[in-house]
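In what follows, a structure is listed as structure tokens, so that the remarks can point back to it.
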Amino acid sequence: MKIDFANLQLQYQTYKDKIDNNIQAVLNRSNYILGEEVQILEQELQKFTGAKHAITCSSGTDAILLALMAIDIQPGDEVITTPFTWISTGEMIALLKAKPVFVDIEADTFNIDSSLIEKSITEKTKAIMPVSLYGQPADIDAIKSIAVKYNLKVIIDGAQSFGSTYNRKMDSNLGDISTTSFFPSKPLGCYGDGGAVFTNNEEYASKIKLLRVHGQNKKYHHQYIGIGGRLDTLQAAVLLAKLSNFKNELKDRQKVADQYTEKLSGFFKTPVVKPNRTSAWAQYTLRVKNRNELQLRLKKNNIPSSVFYPIPLNLQECFKYLGYKDVDYPVSDIASREVLSIPMNPYLNNNQIDFIVSNLMKSRI
Ligand SMILES: Cc1ncc(COP(=O)(O)O)c(C=O)c1O
């Protein structure tokens, strides 16, 4: 049996006619930069998320950078975030010469532990940046009340969680600014790099629109130092073809997750989604003790699996200068040694799920 982790080929076949037509329309008009599809996509993203402004950009990484620049993060400022995430989260803070201040995670959701945030706040703290890891928003109410108390901004790195909710509100509409990634394997992916920034704040929205085109407010007039951070029209065309069916894809991801949980719980530590939240199920992640052996056995049966992430940010060479140690983040440290993500995509059928489950059961030690 052939099992794909994200199954982008079947995804393309599913949307082929729409995608091909949309791409052809862009080619016919040759409007490759900030073309009509980009504007339409931004309107559709606003409708989908409920956020007043959706500004597309070149990647989820650039979306974080644009968000941090919009709130005017300066050298020496501190931004509180999680060490258990993809590098971009901490990297963009450091790129602006600000300091990523890591706060350990919750053992069940793998998201930042809001009860530990307050003691990491200093006079230099400017923002809190939770990550909605594997697709589930962090404890946003608690994080927001800390932010209000200390006059901090909340930026949500929602690269993995487009379409997820917290108290029925979309993840993209929860922070002062929220971001997402349209990397191909993300819940809503394009066929190259892409991302978006969301906000209800007029001032941030206008600034981000300028920052993504080199701070240019009029041709050859540059109000800010910005970046070349636009989304290609061709990528917008791909996203538009998929967005109209995205709600169904989320439902199908949920069905796959429900089946996994029903069949695996009691035998494996399965993911926990808090009652007031939904996950976009970017990943379905188990906790296992003997990860290497298990992965090898799955591989022998052609079942792909992945580890997000084997090395937390506090232990990355590029962050050595911050002087953090593994003992500083015990929960994140154990998670990095135990997490294992198994195939997750909306196209997995019952036979494939049963095959994955039975191989996991056989491989259990
Ligand atoms: C948590 C997180 N933040 C940021 C990013 C960056 O997104 P992109 O790859 O689109 O730059 C990713 C992508 O994997 C991610 O998972």
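Taking each residue as 0.36 nm, the span from GLN223 to GLN43 lengthens on full extension beyond its C-alpha to C-alpha distance by 62.2 nm. For the residue pairs LYS18/LYS251; LYS207/LYS320; LYS274/LYS299, the C-alpha atoms sit more than 23 angstrom apart in LYS207/LYS320; LYS274/LYS299.
Placing +1 on each Lys and Arg Cβ and -1 on each Asp and Glu Cβ, with no other charges, gives the chain a dipole about its Cα centre of roughly 520 debye.
Using a Gaussian network model of the chain in which every pair of alpha carbons under 10 angstrom is joined by a spring, one finds that among ILE225, ILE105, ILE353 the greatest mean-square fluctuation is at ILE225.
Could you list the residues of the stretch 148-191 with an amide nitrogen less than 14 Å from a label point located 7 Å from the Cα of LEU95 in the Cα-to-C-beta direction? 180-181, by backbone N distance to the label point. With a Förster radius of 25 Å applied to the C-beta separation of ALA25 and HIS214, the computed FRET efficiency comes to 0.35.
With the cut-off at under 19 Å, measuring from each backbone N in the stretch 319-348 to a point 7 Å along the Cα-to-Cβ line of ARG364 picks out 338-343. In this simple spin-label model, placing a label point 7 Å from the Cα along the Cα-to-Cβ direction at both ARG337 and ASN349 gives a separation of 4.1 nm. Our coupling estimate for the stretch 347-364, obtained by passing each phi through the Karplus curve with A = 6.51, B = -1.76, C = 1.60 and θ = phi - 60°, is 9, 5, 9, 4, 5, 5, 4, 4, 4, 5, 4, 5, 6, 5, 4, 5, 8, 5 Hz, Gly and Pro reported as x. Relative to its residue count, the stretch 291-365 spans a Cα convex hull of 117 Å³ per residue. When the alpha carbon gyration tensor of the chain is reduced to an equivalent ellipsoid, its three semi-axes come out at 32, 28, 17 angstrom, largest first. Positive end of the dipole of the chain (Cβ unit charges, origin at the Cα centre): among PHE5, LEU96, SER172, the Cα lying farthest that way belongs to PHE5. Counting 0.36 nm for each residue step from LEU8 to LYS52 and taking away their Cα separation leaves a gain of 12.8 nm. Within the chain, what is the longest stretch that has no trypsin sites (Lys or Arg not before Pro) placed in a DSSP loop and near at most 11 other beta-carbon atoms within 10 Å? Longest site-free region, per DSSP loop and neighbour criteria: 3-96.
Values quoted throughout were computed directly from the atomic coordinates according to the rules given, and no laboratory measurement underlies them. Worth saying up front: this structure is predicted, and the values here are computed from it rather than measured. Backbone-built Cβ (ideal geometry, glycine too); neighbour counts: all protein chains shown.
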